[in-house]
Amino acid sequence: MKILVATNFFKGSLSAIKSAEIIKNSILGIDSSVNIETIPIADGGDGTLEVIKGFSDCKEKQAEVTGPLGQKIKAKWLVLKDSTAVIEAAQANGLSLLNPDRYNPLKTTSYGVGELVKHAMDNECRKIFVTIGGSSTNDGGIGLLQALGMKFLDTDGNEIAPGGGNLRNLSSIDASGLDKRLAKTDITCACDVENPLCGENGASFVYAPQKGAGSEDVKVLDSGLKILADVSEKLTGKDYRNFPGAGAAGGIGFALKTFLNAGLIPGFQIIAELSGIEEKIKLADLVITTEGRFDSQTLSGKAPYRIIEMAKKHEIPVIIFAGSVERGINIQKHGITAAFSIADGAVTLQDSIDNADYLLANITKQVFSLIRVFYQEY
């Protein structure tokens, strides 16, 4: 029996690499004859750099940048063998950089992401991948653009303060100071979702509540993004507010597409190309993948769903282990053989996070023991 274990990270607890190791060891502890290949995966959010390092010949760099609330932090980024830079935006504006009591998309900024782009250009990188999942921001990417020389002004000609809550004060944009090197730099934005910038399916309504926004905050943030889209259209003549992925990372997708002419691709695409994962799925008898919470957002294009799509295409059964599974999802419709929550009973979220390694090992052993019985019979 050949099993491909393609694991995503469990937010706040297990990395993609650690998850793969736990599942592999749990299966081999029951049957050492099983052929298991592990491929940690990511869709552009936290842990993407660590996954890419496992597939490519690269150098890790570090830079001091501005964190989501203005604090100075150390952020990692990669240079591949062909001098392509890979920037994980969450290193500079990630939700994981903040304690939950400090989540505040009205104030958080993407400025540090722009500083990482500058560092890449300072290192003579003229091809840059920016992976943008896992953000704490909802500022439409203006922080990133400010770091690269643009100005976002109110009616008095003063620069607006950082954060999505201040976009409502935006009146005009001055792009004259934009770093000239960007004209000769090829930027690709790797998104983990396909949401538009504004509206009920946009960045604010769908994702800002996870970042600390209350119901009234969401309305303020969405209104600000609409103003940003209107003012941007006046300046550029382009309207990308409804472009798939424009709402990713609180609007960073919109900023990169509108002002830096970035191509937007699924975050998982980079991992798929570097790892050759589809060919490995074709050769497997079973695929196992993971997700922190398996819900409708997973099905909007996140990495585990890309694995599920590939497995379905090649008629390979696929199982997903998740921290929790949303009720009502028709898993068979989406090509999923089975979905299991690793939680063993009515436990708190914190308890699941603290004991994720045990819980993942336990559910793996239970499920594989059952699979093994039927596999041996047939």
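The values are calculated or read from the model by the stated rules, or taken from the named source; none is laboratory data. Keep in mind that what you see is a predicted model, and the values were worked out from it rather than measured. Here the Cβ positions follow ideal geometry from the backbone for every residue, glycine too, while neighbour counts run over all protein chains shown.
If you check Tyr358 against the conditions, is it aromatic (Phe, Trp, Tyr) and modelled with pLDDT under 90?
no
Kindly evaluate Val218 against the criterion of being in contact with a Leu (Cβ under 7 Å, 6 or more places away or on another chain), more than 22 Å from Tyr305 (Cβ to Cβ), at pLDDT 95 or above and assigned to a helix (DSSP H, G or I).
In short, no.
Among the residues of the stretch 145-181, write down those that are crowded, with 18+ Cβ neighbours inside 10 Å and either closer than 17 Å to Leu116 by Cα or among the β-branched types (Val, Ile, Thr) (or both).
Leu145, Gln146, Ala147, Leu148, Met150, Ile160, Ile173
Of everything in the stretch 294-332 that's of a type in the set (Lys, Arg) and in contact (Cβ under 8 Å) with a residue 60 or more places away in the chain, which residue is surrounded by the most Cβ atoms within 10 Å (Cβ to Cβ)?
Per the criteria, the residue is Lys302.
Collect the residues in the stretch 246-284 that are within 18 Å of the chain's Cα centre (by Cα) and within 16 Å of Leu228 (Cα to Cα), keeping them in residue-number order.
Ala246, Gly247, Ala248, Ala249, Gly250, Gly251, Ile252, Gly253, Phe254, Ala255, Leu256, Lys257
Checking Leu97 against (1) of a type in the set (A, V, I, L, M, F, W, C); (2) within 18 Å of Gly267 (Cα to Cα); (3) free of Cβ contacts under 8 Å to residues at least 40 places away in the same chain, only one condition comes out false. Which one?
It fails just one condition, (2).
Identify, from the list Gly140, Gly177, the residue that is touching a strand residue (DSSP E or B) at 6+ places or on another chain (Cβ under 7 Å) and not in a strand (DSSP E or B).
Gly177
Kindly check whether there is at least one residue in the stretch 4-15 that is outside the structural domain of Phe294 (by TED's automatic domain parsing) and either among the small types (Gly, Ala, Ser) or part of a helix (DSSP H, G or I) (or both).
Looking for residues that are outside the structural domain of Phe294 (by TED's automatic domain parsing) and either among the small types (Gly, Ala, Ser) or part of a helix (DSSP H, G or I) (or both), one finds none in the stretch 4-15, hence no.
Quick check on my filter: what residues within the stretch 50-81 are surrounded by fewer than 20 Cβ atoms within 10 Å (Cβ to Cβ), within 17 Å of Ile271 (Cβ to Cβ) and in contact (Cβ under 8 Å) with a residue 40 or more places away in the chain?
Phe55, Ser56
Hey, among Lys118, Lys107, which residue is part of a loop (DSSP other than H, G, I, E, B), in contact with a helix residue (DSSP H, G or I) (Cβ under 7 Å, 6 or more places away or on another chain) and among the basic types (Lys, Arg)?
Going through Lys118, Lys107 in turn, the sole match is Lys107.
Go through the stretch 38-92 and give me each residue that's under 25 Å from Thr108 (Cβ atoms), in a loop (DSSP other than H, G, I, E, B) and of a type in the set (Gly, Ala, Ser).
The answer is Ala42, Gly44, Gly45, Gly47, Gly67, Gly70, Ala89.
Quick one: would you say Ile353 is in a strand (DSSP E or B), out of contact with any Leu (no Cβ under 7 Å at 6 or more places or on another chain) and among the β-branched types (Val, Ile, Thr)?
no
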